[in-house]
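The values are calculated or read from the model by the stated rules, or taken from the named source; none is laboratory data. None of these values were measured; they are calculated from a predicted model. In this analysis, Cβ positions are derived from the backbone assuming ideal geometry, glycine residues included, and neighbour counts consider all displayed protein chains.
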Amino acid sequence: MTDPRFDVAIVGYGPTGATLALLLGMQGLRVAVVEREPDLLPLPRAVHFDGEVMRLFETAGLADALASRIRPSGGMRYVNTAGQVMLERPPAVGAGAHGWANNYLFHQPDLEYALREAAERHAGVQVLRAHEVKALEQDPGGVRLAVARLADGAALTLRAGYVVGCCGARSIVRQAIGSDHDDLGLHQPWLVVDVVLERDVALPEQTVQYCDPARPATFVKVTGRRRRWEIMLMPGDVAEDMTRPESVWRLLAPWLRPGDARIERGALYTFHSLVATRWRDRRLLIAGDAAHQTPPFLGQGMCAGVRDAANLAWKLARVARGHAPDALLDTYQSERAAHARVFIETAVRLGNIIQTTDPAVAAARDRRFLESGKEEIANLSPPLGPGFHAGTAPAGEVFPQPRLADGRRLDAAIGGYRFALLAEPALLDPALGARCAASGIATVPADGEAAARLAQTGARALLLRPDRYVYGGARDGAALRALLEPLFTRAEVLQ
Ligand SMILES: Cc1cc2nc3c(=O)[nH]c(=O)nc-3n(C[C@H](O)[C@H](O)[C@H](O)COP(=O)(O)OP(=O)(O)OC[C@H]3O[C@@H](n4cnc5c(N)ncnc54)[C@H](O)[C@@H]3O)c2cc1C
């Protein structure tokens, strides 16, 4: 560590911390990451991410590194004990709204390796592995982090303008902020088993949520020969016995026999549904599992952490450079908490469907779905809560990634993690173009599929934020000037 003073210190180098480090490094910030573990954890938790998250990885320059290591999802089904499908997420065929497949499966260590390698290519990013943050103290000028080197207990002090706790469910930064939790009610232990097939076995192509009241379970065809089972603990199960190989094989018996596969691990997790009530106290912020936890029935916990990082990184860069007032950071929780909560509430609803253990309740559930017909699970795209956007739709909504007439994806034309004005060509006069260029806003004439997508919003021009959420829209030149003028007068906010 050459200089212990940083713009931002990140506590925790999981998927949230690594994405944030990469996005801050891309913007030229001096970033310290402190991670307790000496190496990448080989044990995956997340297996799925969605098309919007893939698009954020594209913005972060990772699309090529990931493309050969992930695969579009074959879909997901919630089935009852008779094998009838109650809910279904269709297979991810072709490009979805974000220019990528709607849903992907992946091996978490592959993703984390790619994120870390890309983050550490930026000269400003320094990573302290096998170090633990022990205490935090903030003053008006910054934060002092007391760090211990785990090999020998040596003490180290870092100083940073801001600290983001990406340190998971037991976050020390959340404790320092003094945040409480909103509890959305679901807390349930499950056994998670990852295997590598050693011979071909007939298993579903789709993710299957077995809504069996005698033993709810989930099956996931991950990537290559990796397969995942998540199996709910039932009353009477002895937690310590559940991860023994003989218990695991007994539970996998409906699908696999010993010899079919090598068990990589069996581990117990308690799925929670929580949203922290306070994500910021002055120079301390939290992101990812430190700020919210969801049961994995939609595969969205890590996705929410990646979205947190994409929402926060451009704001932090502008505040750290002194281009935006510190109050911009207050829009992080107000925007993201509302968004994350929609996913958690939906996952809790799905959890209540699969976790039913009363046979009579399960029978009533099955009848209800058979009468009303199979329900489709669409990718959720809720608006942000109030914050740095004009307030009324499409402001606060994520804008999709269509192709332009020349075949490029929208984000390729935007060219990075920056503001962009997508507008009908008639509204993009040279004077406006020059002012946008001076303010660091990319201008993209809407043609091809992008013109149709723009028209669907009811606007003729949209200002998109670096995270691809809409700042605001305009229906004519006068409205566009009214939208942009206040931003041009403090143009540095945009850069
Ligand atoms: C069984 C299961 C399946 C899941 N499936 C999916 C899925 O398919 N899709 C999905 O999107 N999500 C899924 N999730 C959720 C996902 O795994 C988490 O949301 C995600 O890993 C959270 O990432 P994070 O970086 O915020 O926190 P973590 O991954 O928990 O990382 C926190 C890091 O901080 C470090 N740390 C903590 N305290 C300190 C300290 N004081 N000093 C230094 N370092 C510290 C830790 O060592 C750790 O590396 C699943 C979760 C489970 C349990």
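Residues in the range 333-385 that are assigned to a helix (DSSP H, G or I), loosely packed, with under 14 Cβ neighbours inside 10 Å and within 28 Å of the chain's Cα centre (by Cα): 1 in all.
Out of the residues in the range 386-404 that are among the hydrophobic types (A, V, I, L, M, F, W, C) and modelled with pLDDT of 95 or more, which is farthest from the chain's Cα centre (by Cα)?
That would be LEU404.
Among the conditions (1) crowded, with 17+ Cβ neighbours inside 10 Å; (2) among the acidic types (Asp, Glu); (3) farther than 30 Å from TRP279 by Cβ, GLU230 misses just one, which is (3).
Residues that are without any contact (Cβ under 8 Å) to a residue 40 or more places away in the chain and either outside any helix (DSSP H, G or I) or touching a helix residue (DSSP H, G or I) at 6+ places or on another chain (Cβ under 7 Å) (or both) within the range 408-425 comprise ARG408, GLY415, GLU424, listed in sequence order. Looking only at the range 212-236, residues that are part of a strand (DSSP E or B) and not small (Gly, Ala, Ser) come to 11 in all.
Taking the range 364-406 as the range and being more than 23 Å from TYR332 (Cβ to Cβ) and without any contact (Cβ under 8 Å) to a residue 12 or more places away in the chain as the test, the residues that pass are ALA364, ARG367, ARG368, GLU371, SER372, GLY373. Once the range 331-348 is narrowed to residues that are without any contact (Cβ under 8 Å) to a residue 60 or more places away in the chain and more than 18 Å from VAL470 (Cα to Cα), the residue that is nearest to the ligand (Cβ to nearest atom) is PHE343.
To keep it simple, each residue is scored yes or no on (1) within 12 Å of the ligand (Cβ to nearest atom); (2) under 23 Å from VAL8 (Cβ atoms); (3) crowded, with 23+ Cβ neighbours inside 10 Å.
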| residue | (1), (2), (3) |
| --- | --- |
| PRO216 | no, no, yes |
| MET242 | no, no, no |
| VAL248 | no, no, no |
| GLY259 | no, no, no |
| LEU285 | no, yes, yes |
| ALA290 | yes, yes, yes |
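Anything in the range 154-212 that is surrounded by fewer than 23 Cβ atoms within 10 Å (Cβ to Cβ), of a type in the set (Lys, Arg) and within 14 Å of the ligand (Cβ to nearest atom)? List them, or say none. If the condition is that a residue be surrounded by fewer than 23 Cβ atoms within 10 Å (Cβ to Cβ), of a type in the set (Lys, Arg) and within 14 Å of the ligand (Cβ to nearest atom), then ARG170 is the only one that fits. Restricting ALA412, ALA426 to residues that are surrounded by fewer than 20 Cβ atoms within 10 Å (Cβ to Cβ), under 26 Å from ARG336 (Cα atoms) and among the small types (Gly, Ala, Ser) narrows the list to ALA412. Within the range 195-211, being polar (S, T, N, Q) and in a strand (DSSP E or B) holds for THR207, GLN209. Among the residues of the range 292-330, the one identified as buried (at least 22 other Cβ atoms within 10 Å of the Cβ), of a type in the set (Lys, Arg) and more than 16 Å from the ligand (Cβ to nearest atom) is LYS315.
Rundown of residues vs (1) over 19 Å from the mean Cα position of the chain (by Cα); (2) surrounded by fewer than 24 Cβ atoms within 10 Å (Cβ to Cβ); (3) under 23 Å from SER68 (Cβ atoms); (4) within 9 Å of the ligand (Cβ to nearest atom), yes/no style:
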position: TYR13; (1), (2), (3), (4): no, no, no, yes
position: ARG30; (1), (2), (3), (4): yes, yes, no, no
position: VAL34; (1), (2), (3), (4): yes, no, no, yes
position: GLU37; (1), (2), (3), (4): yes, yes, no, yes
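Can you spot a residue in the range 112-130 that is modelled with pLDDT of 95 or more, of a type in the set (Ser, Thr, Tyr) and within 13 Å of the ligand (Cβ to nearest atom)? Among the residues of the range 112-130, not one is modelled with pLDDT of 95 or more, of a type in the set (Ser, Thr, Tyr) and within 13 Å of the ligand (Cβ to nearest atom), which makes the answer no.
Scanning the range 111-128 turns up no residue that is over 22 Å from VAL11 (Cβ atoms) and either of a type in the set (A, V, I, L, M, F, W, C) or assigned to a strand (DSSP E or B) (or both). Scanning the range 445-489 for residues that are of a type in the set (A, V, I, L, M) and either assigned to a loop (DSSP other than H, G, I, E, B) or more than 18 Å from ASP411 (Cβ to Cβ) (or both) turns up ALA446, ALA455, ALA459, ALA474, ALA478, ALA479, LEU480, ALA482, LEU483, LEU484, LEU487.
Of the listed requirements (1) touching an Asp or Glu at 6+ places or on another chain (Cβ under 9 Å); (2) surrounded by fewer than 19 Cβ atoms within 10 Å (Cβ to Cβ), VAL470 misses just one: (2). Residues that are within 13 Å of the ligand (Cβ to nearest atom) and outside any strand (DSSP E or B) were ranked within the range 52-79; the one that is surrounded by the fewest Cβ atoms within 10 Å (Cβ to Cβ) is ILE70. Within this structure, ALA442 passes the test of being in contact with a Gly (Cβ under 8 Å, 6 or more places away or on another chain), modelled with pLDDT of 95 or more and under 20 Å from LEU480 (Cβ atoms). Please go through the range 103-130 and give me each residue that is over 22 Å from GLN27 (Cβ atoms) and polar (S, T, N, Q), ordered by number. Those that are over 22 Å from GLN27 (Cβ atoms) and polar (S, T, N, Q): ASN103, GLN108.
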